[in-house]
Amino acid sequence: MLQLRDDSLEWALAHVIRFGDTDVFPVPFEYAAIGHDWANVKAHLASADVLQWTTRPQRILLSPKARNGFRVITQLDPLDFLVFSALVKELAIDLETRRIPLAQSRVFSYRAVPLANGQLFDPNVGYRQFLDVCRDKLRGNPANQFVAVTDISDFYARIYHHRLENALQTATTRGNHVRAVMRLLSGWNGTETFGIPIGGAPSRLLAEITLADVDEALLAAGIDFIRFNDDYRIFGDSYERCYRAITFLAETLYRNHGLNLQPQKTEVLAAAQFSDKYLVTPLDRELNSLHARFEGLAAELGLNDWYESIEYDDLDDEQQEAIDSLNLQELFREELQEDEPELPIIRFILRRLSQLGDDSLVDDIFFALDKLHPALPDICRYVQSLRHLNAEERSALGARMLNLLNGSVVSELPYHRMWILDLFVHSREIGRAHV
């Protein structure tokens, strides 16, 4: 028998309220309902034998990854997600300890540091640090003349359950926890013996422990590599050495886990080519500049949260000038002139203008929705943040958003409809105007 601890269940609810159950879909309203009756729900979950837990149907939908690209995302039943999250949280420290230590600067993805506020991963370690170490390796070691770039094909969807189970058993002595995790995965997957839920934080930690033996094999072979999730960068003094390392990685992945590298994303580049293609692109420079300038402004304003609301009219002239100098609206409109706008810049601008409650881009968004629909979650958050609109303006904007469900590019995917409907569920002013 295995029962979840009260503090783990508290953590699971805090996690989903703060971070969501996926990084793509809106948070289901059921979690708010669960929160209102949490004492009873928690008592029910805490009394359950997780080894006998019966899973419920999951939601699997396509999510836009780019203008014409898609990825599959899984959204679990809320009670299933709370059980799954609490279970993985209880394993988190054991799994993190099994991985190559962060101090070795090898693996930068999803380093587990669970906190009571629902945090699972260290917010100070991520893709930006991964890129910084790439730069350091090229600058600090002249022998690194070549870099191999590759990633794993369909990684989460192709993780074999028995190999994941072996990885978990190697990492922890909590045998019942391992059995419970595998039973949940089996319940969601039916007769398929591979694949883990895609899009949620607990799955990311399971994916990381799956690759722990591959990371150690690379180190044992003397290969100079770094990794973020399923992306590998391998450094060497010759093309041949890097190619040999990719061959070793491909063989290890296949023999240990039945996984393959993506041919179209695998290449060996001279250091200068790698730097131009992956480290100093115009998009990276622009985003890094915008991030740095806004970070400085946020520090000056004393914001505790990078997404905290900013009242423009309450700022002094110098602070207003600093915001104006970012020129966010014009930068947004310049991107719309491109056939393929850079979505990272679009998302950054929408998030910053959301803080300001600035409605100056509403017409631009509706005009270019065929280009912007992959950023619909940020568009919905932006619309919801427009706190300075009067009732008539909110009603008109609500009508425009609802009209997207009929005959527009947004109406083509259930994913899009979910975000529009979520906007109306969670935005009282806009929703009330159309009830």
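The values are calculated or read from the model by the stated rules, or taken from the named source; none is laboratory data. What you see is a predicted model, and the numbers here were worked out from it, not measured in a lab. Note that each Cβ is placed from the backbone with ideal geometry, even for glycine, and that neighbours are counted across all protein chains shown. Note: areas computed on protein heavy atoms with side chains; ligands, DNA, RNA excluded. Shrake-Rupley method; radii C 1.70, N 1.55, O 1.52, S 1.80 Å.
Flag: LEU62 does not match the condition of being in contact (Cβ under 8 Å) with a residue 60 or more places away in the chain, of a type in the set (A, V, I, L, M) and closer than 30 Å to LEU219 by Cα.
Check segment 183-195 and report whether any residue there is closer than 20 Å to ARG99 by Cβ, part of a helix (DSSP H, G or I) and in contact (Cβ under 8 Å) with a residue 24 or more places away in the chain. Please lay out each step first, then the result.
Narrowing segment 183-195 to residues closer than 20 Å to ARG99 by Cβ: none.
Checking segment 183-195: not a single residue is closer than 20 Å to ARG99 by Cβ, part of a helix (DSSP H, G or I) and in contact (Cβ under 8 Å) with a residue 24 or more places away in the chain.
Per the listing LEU61, LEU79, LEU45, the residue uniquely assigned to a helix (DSSP H, G or I), among the hydrophobic types (A, V, I, L, M, F, W, C) and open to solvent by 20 Å² or more (accessible area, probe 1.4 Å) is LEU79. Residues that are in a helix (DSSP H, G or I) and touching a helix residue (DSSP H, G or I) at 6+ places or on another chain (Cβ under 9 Å) were ranked within segment 138-163; the one that is nearest to ARG71 (Cα to Cα) is TYR156. Scanning segment 104-135 for residues that are more than 22 Å from the chain's Cα centre (by Cα) and either surrounded by 19 or more Cβ atoms within 10 Å (Cβ to Cβ) or modelled with pLDDT of 95 or more (or both) gives a single hit, GLN104. Note on segment 288-342: residues that are under 17 Å from GLY357 (Cβ atoms), open to solvent by 70 Å² or more (accessible area, probe 1.4 Å) and within 28 Å of the chain's Cα centre (by Cα) total 4. Among residues of segment 397-411 that are more than 17 Å from LYS371 (Cα to Cα), those with a beta-carbon under 6 Å from a residue that is of a type outside the set (Ser, Thr, Tyr) and at pLDDT below 80 at least six positions away or on a different chain give the pairs GLY398/ILE430; GLY398/ALA433; GLY398/HIS434.
Between ARG428, ARG381, the distinction of being modelled with pLDDT under 85 and open to solvent by 40 Å² or more (accessible area, probe 1.4 Å) belongs to ARG428 only. Note on segment 267-354: enclosed helices (runs of 4 or more DSSP H) holding 1 or more residues that are more than 30 Å from PHE146 (Cα to Cα) are 282-301, 317-325, 328-336.
Can ALA43 be described as of a type outside the set (Val, Ile, Thr) and either in contact (Cβ under 8 Å) with a residue 40 or more places away in the chain or under 12 Å from SER85 (Cα atoms) (or both)? Judged against the criteria, ALA43 is not a match.
The set of residues from segment 9-36 being assigned to a loop (DSSP other than H, G, I, E, B) and either more than 20 Å from SER63 (Cβ to Cβ) or not β-branched (Val, Ile, Thr) (or both) comprises GLY20, ASP21, ASP23, PHE25, PRO26, PRO28, PHE29.
Picking from residues in segment 140-167 that are within 22 Å of LEU95 (Cβ to Cβ) and among the aromatic types (Phe, Trp, Tyr), the one that is least open to solvent (accessible area, probe 1.4 Å) is PHE155.
Restricting to segment 48-58, name every residue that is touching a helix residue (DSSP H, G or I) at 6+ places or on another chain (Cβ under 8 Å) and open to solvent by 80 Å² or more (accessible area, probe 1.4 Å).
Listed by number, the residues that qualify are THR54, ARG56.
Just the residues that are in contact with a Leu (Cβ under 8 Å, 6 or more places away or on another chain) and not in a helix (DSSP H, G or I), please, taken from segment 83-106. Within segment 83-106, ILE100, ARG106 qualify.
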